[in-house]
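What follows is a set of notes on a single structure, which appears directly below.
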Amino acid sequence: MKMAKTLLIHNTQTEIEAGKILCLGRNYAEHVKEMNAKATEDPVIFFKPTSSLIRNGDPIYYPPISRNMHHEVELVIIIGKAGKKIHKSDAYDHVLGYAVGLDMTLRDIQAKAKKEGLPWTIAKGFDCSAPVSDIIPKEKISDPGSLKLTCKVNGELRQSSSTGKMIMKTDDIIEYISSIFMLEPGDLIFTGTPEGVGPVSTGDIIEAEMEGYIKTSHKILAGA
């Protein structure tokens with residue numbers, strides 16, 4: 001099983017060592033509704049281990065502990081400059097670039113954890129659960145708040161939305177997370193998924209795209 005320790009800057013040979021992976025939940029109102037969840041006053045934050053990270057073309061292995069793995073397309077922020085307690089007005093000074101990613105989720109495992117009041121670690125952090133595209137440098141994206149994100153499974157469009165619908169915007173996300181955690185170069189921030197999440201099966205081809213910029217494609221294989 002191949003794990004990624006680095007990410008590539010698009011159209012270059014420059015590799016960036018990946019740091020910690022921080023993720024937001026419930027950052028799109030329509031996704032909150034489709035999950036029959038409640039909006040929270042403070043953002044929902046969780047981690048994925050670095051062993052969850054894979055790059056474009058790498059397979060996603062379906063864990064045998066689950067019968068209901070879902071796709072969740074997301075904008076990913078890549079940190080380029082370390083900072084703690086970053087004010088939102090300075091947030092973009094700390095951004096290296098952006099990517100499109102998938103927060104693969106074992107929905108049945110997550111549902112059981114929610115019911116029992118337990119952490120989501122297994123449901124969200126299993127191996128290959130964080131596919132991420134190459135990095136688009138921030139200078140090439142004028143407005144990270146107006147990017148179209150799509151997810152297709154076997155060519156069928158499943159998710160299509162804009163980062164303009166995020167409840168917490170990119171600069172607010174960086175300000176909030178850095179008030180709790182030191183952000184370091186190579187850190188990844190998954191910013192939440194829009195509505196349209198759904199199941200995938202062994203043999204499926206899943207494609208996540210930041211339209212006009214970059215995409216990442218993966219085949220689902222049976223896990224050992």
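Below, the figures for the structure above:
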{"read-out": "Residues located in the range 1-11, provided they are part of a strand (DSSP E or B) and among the hydrophobic types (A, V, I, L, M, F, W, C)", "value": "LEU7, LEU8, ILE9"}
{"read-out": "First in the range 27-53 and closer than 13 Å to MET166 by Cα, second anywhere and outside any strand (DSSP E or B) and of a type in the set (D, E, K, R), Cβ under 6 Å, 6 or more apart", "value": "TYR28/LYS165; GLU30/GLU195; HIS31/GLU195; VAL32/ARG26"}
{"read-out": "Cross-chain or 6+ apart pairs with Cβ under 9 Å, the range 209-224 first and within 17 Å of SER129 (Cα to Cα), then at pLDDT below 95", "value": "GLY223/MET1; ALA224/MET1"}
{"read-out": "Of all residues making up the range 71-106, the number that are farther than 23 Å from GLY164 by Cα and either crowded, with 24+ Cβ neighbours inside 10 Å or in contact with a Ser or Thr (Cβ under 8 Å, 6 or more places away or on another chain) (or both)", "value": "5"}
{"read-out": "Residue pairs meeting the criteria (Cβ under 6 Å; at least 6 apart or on separate chains; first of a type in the set (A, V, I, L, M), in the range 111-128; second assigned to a loop (DSSP other than H, G, I, E, B))", "value": "ALA113/TRP120"}
{"read-out": "Residue check, SER52 closer than 28 Å to VAL153 by Cβ and either in contact with a His (Cβ under 7 Å, 6 or more places away or on another chain) or modelled with pLDDT of 95 or more (or both)", "value": "yes"}
{"read-out": "Residues (more than 17 Å from SER178 (Cβ to Cβ), among the charged types (D, E, K, R) and in a loop (DSSP other than H, G, I, E, B)) located in the range 12-52", "value": "ARG26, LYS38, GLU41"}
{"read-out": "Answer residue from the range 122-148, given it is more than 21 Å from TYR28 (Cα to Cα) and among the polar types (S, T, N, Q) and is nearest to the chain's Cα centre (by Cα) among those", "value": "SER133"}
{"read-out": "Which numbered condition ARG26 misses (of (1) in contact with a Lys or Arg (Cβ under 9 Å, 6 or more places away or on another chain); (2) at negative phi)", "value": "(2)"}
{"read-out": "Test for LYS112: is it surrounded by fewer than 22 Cβ atoms within 10 Å (Cβ to Cβ), farther than 30 Å from MET35 by Cα and of a type in the set (Lys, Arg)", "value": "no"}
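The values are calculated or read from the model by the stated rules, or taken from the named source; none is laboratory data. Remember, it's a predicted structure, so these values are computed and weren't measured experimentally. Cβ: placed from backbone, ideal geometry, glycine included. Neighbour counts: every protein chain shown.
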